[in-house]
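Engineer: The following block contains the structure, expressed as structure tokens.
The values are calculated or read from the model by the stated rules, or taken from the named source; none is laboratory data. Nothing here was measured: the structure is a model prediction, and the numbers come from that model. Because the Cβ atoms are built from the backbone with ideal geometry, glycine has one as well, and the counts that use them run over all protein chains shown.
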Amino acid sequence: MQDWLPDGTRLERTHWRDHRISERHRLWGFNCPAVDLDFVMAEFNHGKPVALIEYKERHAREPNLGHPTYRALADLANGYKDGPLPFLIAFYDAEEWWFRVVPVNDRAKQHYKHCLDEVLSEQRFVRSLYLMRKARLERSDEEVIGKLSMALPPESEEAA
């Protein structure tokens, strides 16, 4: 059961992060909201951002994309000065290394339109990250990608 401060601010749940800043920020009150995300990464190329991705372990709860957290991140991705960045959530399996992509904004939906509702092998997912950066992959890119996992979950798990 989640514990709350009297003003409605949640107490730290997991203590995975540096709990000192998390706990201190909670003292700043209900009207100074922030969220501890699972693992947000800004993918970039030559110093320019190309995507915003939140990685979640495959057993993590499905996100509510209407939550203010995701709306704020989508605004960041959509408001990039050179045009919208793809913003997606990538669920991953850390044993077999497969991914399930949840595109959050239109730019991510466009980039992943060919594989919506599919589970991607690590090779296919990483290839999609390379293609965010360039239109054509080089031999060296393909060599790196070729060393990655091609595993997919069993069909029964894929539907879950």
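Engineer: Considering only segment 115-123, I want to know if a residue exists there that is closer than 21 Å to Ile145 by Cα, assigned by TED's automatic domain parsing to the domain that holds Glu143, at pLDDT below 95 and of a type in the set (Asp, Glu).
Structural biologist: Scanning segment 115-123, I find at least one residue that is closer than 21 Å to Ile145 by Cα, assigned by TED's automatic domain parsing to the domain that holds Glu143, at pLDDT below 95 and of a type in the set (Asp, Glu), so the answer is yes.
Engineer: Which of the residues spanning segment 104-119 are in contact with a strand residue (DSSP E or B) (Cβ under 6 Å, 6 or more places away or on another chain) and in a helix (DSSP H, G or I)? Spell out how you get there, then give the answer.
Structural biologist: Initial filter on segment 104-119 (in contact with a strand residue (DSSP E or B) (Cβ under 6 Å, 6 or more places away or on another chain)): 104-105, 108-109, 112, 119.
Those that are in contact with a strand residue (DSSP E or B) (Cβ under 6 Å, 6 or more places away or on another chain) and in a helix (DSSP H, G or I): Ala108, Lys109.
Engineer: Kindly evaluate Gln110 against the criterion of being surrounded by 14 or more Cβ atoms within 10 Å (Cβ to Cβ) and polar (S, T, N, Q). Don't jump to the end; show me each part of the working.
Structural biologist: Details: surrounded by 14 or more Cβ atoms within 10 Å (Cβ to Cβ): no; polar (S, T, N, Q): yes.
So Gln110 fails the test.
Engineer: Here are some residues: Arg139, Arg127. Which one is more than 19 Å from the chain's Cα centre (by Cα) and over 19 Å from Arg58 (Cα atoms)?
Structural biologist: Details: Arg127 fails: more than 19 Å from the chain's Cα centre (by Cα).
Exactly one of Arg139, Arg127 is more than 19 Å from the chain's Cα centre (by Cα) and over 19 Å from Arg58 (Cα atoms), namely Arg139.
Engineer: Still on this structure: Just to confirm my filter: which strands (runs of 3 or more DSSP E) fall fully inside segment 1-95 and include at least 1 residues that are at pLDDT below 90 and closer than 25 Å to Pro153 by Cα?
Structural biologist: Values: elements: 40-45, 48-57, 87-92.
The qualifying strands (runs of 3 or more DSSP E) are 40-45.
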